[in-house]
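The values are calculated or read from the model by the stated rules, or taken from the named source; none is laboratory data. Computed from a predicted structure; not experimentally measured. Here the Cβ positions follow ideal geometry from the backbone for every residue, glycine too, while neighbour counts run over all protein chains shown. Ligands, DNA and RNA are stripped out before the accessible areas are found, and what is left, the full protein with its side chains, is counted by its heavy atoms. Shrake-Rupley method; radii C 1.70, N 1.55, O 1.52, S 1.80 Å.
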Number of protein chains: 2
Amino acid sequence: MLKLAVLVSGGGTNLQAIIDKIADKTITNAKIEVVISNKKDAYALERAKKHGIADCYLSPKDFATRPEFDQALLECLQKYQIDLVVLAGYLVIVPKNVVEAYENRIINIHPSLIPSFCGDGFYGLKVHEAVLARGNKVTGATVHFVDDGTDTGPIITQKAVYVQEGDTPEILQKRVMEEAEWNILPQAIDWIANDQIEVIDHIVHKK
Amino acid sequence: MLKLAVLVSGGGTNLQAIIDKIADKTITNAKIEVVISNKKDAYALERAKKHGIADCYLSPKDFATRPEFDQALLECLQKYQIDLVVLAGYLVIVPKNVVEAYENRIINIHPSLIPSFCGDGFYGLKVHEAVLARGNKVTGATVHFVDDGTDTGPIITQKAVYVQEGDTPEILQKRVMEEAEWNILPQAIDWIANDQIEVIDHIVHKK
């Protein structure tokens with residue numbers, strides 16, 4: 001049974017998708033041990049409580065130095081014996097010590113088709129604003145392993161979403177979530193939980 | 001009736017797709033007036049001849065200076081009273097004088113989802129090599145208007161294509177052609193021929 005920590009900063013709709021897909025057995029052999037948020041009032045923490053999942057508020061703001069936060073985060077993951085860290089709208093850069101301790105065991109969902117519209121400065125609604133400003137007709141979402149770059153890790157899965165005439169960033173964000181994110185993030189977790197993928201030379205292959 | 005020039009450097013499978021889709025009326029109100037190639041032995045020129053379309057070989061190599069070639073190309077387009085220039089695997093950079101004379105009347109097909117895997121150095125098989133080297137799971141093709149940058153013009157249409165386990169650059173190139181290029185390039189021509197799109201502030205909108 002793969003033990004998951006889901007790290008969030010906001011409403012937690014991707015968290016909810018994971019909870020639902022564990023419940024309906026779309027994801028098998030995985031269990032959420034803890035939800036960690038850097039925002040005290042993140043609705044994601046409420047979702048965790050409702051489903052009997054441990055919740056943990058941990059913010060860099062509450063620590064005197066960043067290394068102290070980094071250590072606290074790592075200790076939290078170790079306490080729950082986490083096998084896979086799932087970044088589901090987590091707006092904190094994952095500390096180097098955690099990336100090193102969990103090589104190819106941290107995954108992130110990014111709301112574009114990497115390498116388009118990713119890297120520093122591209123998060124949340126800003127991604128969709130940039131897609132529309134470029135006049136793109138296709139966008140999507142990507143699940144990837146996290147390495148020490150921003151959105152540079154091995155790509156696990158991607159799904160395309162078509163832009164429609166009249167889209168606003170908000171409308172597009174919602175469509176990318178519904179058509180892509182809520183499907184491919186659970187899909188990636190299920191593959192990992194069932195040992196169906198491997199990383200060879202930075203490329204993710206199906207076994 | 002929109003008068004087209006199709007510019008090619010190779011086999012001309014995208015040219016063939018345009019010929020076929022004019023024949024079966026997927027494209028209406030458009031006619032290919034001339035096929036221009038910078039390669040004397042491009043099979044695309046044979047395709048033109050077979051279909052009774054004027055063919056023209058024009059290469060920078062045969063001119064003492066580049067401006068002389070640029071002028072000859074412009075004069076060829078003017079001679080045929082061309083309304084829309086279609087770059088269908090044309091590996092010559094379109095001269096500035098032609099870009100200026102045909103603003104928003106030159107379109108190009110690029111075998112990736114712009115802004116991924118585009119710009120200088122990304123053409124032909126190199127695009128698909130780069131997609132596989134990054135481990136992308138989604139790629140596709142883009143039709144865009146040509147401006148004075150490389151692959152920076154307004155995007156008319158895009159189509160996603162999924163990478164499959166075991167793909168080689170050659171296999172992926174073929175799938176992108178079959179599933180995307182041969183559909184979206186004719187589609188874009190039909191939209192332009194029937195006055196269905198407009199460019200506002202660098203963004204292509206349906207009318």
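Figures for the structure shown
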read-out: Within region B:160-204, tally of residues that are within 14 Å of chain A (Cβ to nearest Cβ) and not in a helix (DSSP H, G or I); value: 18
read-out: B:ILE22, sole failed condition from (1) part of a helix (DSSP H, G or I); (2) under 11 Å from B:ALA88 (Cβ atoms); (3) among the β-branched types (Val, Ile, Thr); value: (2)
read-out: Residue within region B:137-151 that is of a type in the set (A, V, I, L, M), open to solvent by 10 Å² or more (accessible area, probe 1.4 Å) and within 13 Å of another protein chain (Cβ to nearest Cβ) present; value: no
read-out: Residue within region B:73-91 that is open to solvent by less than 10 Å² (accessible area, probe 1.4 Å) and assigned to a helix (DSSP H, G or I) present; value: yes
read-out: Qualifying residue in region B:7-22 (condition: modelled with pLDDT of 95 or more and over 22 Å from B:GLN173 (Cβ atoms)); value: yes
read-out: Flag for A:ILE114 being in contact with a His (Cβ under 7 Å, 6 or more places away or on another chain), modelled with pLDDT of 95 or more and surrounded by 15 or more Cβ atoms within 10 Å (Cβ to Cβ); value: yes
read-out: Residues (in contact (Cβ under 8 Å) with a residue 40 or more places away in the chain, open to solvent by less than 30 Å² (accessible area, probe 1.4 Å) and aliphatic (A, V, I, L, M)) located in region A:152-191; value: A:ILE155, A:ILE156, A:ALA160, A:LEU172, A:VAL176, A:ALA180, A:ILE184, A:LEU185, A:ALA188, A:ILE189
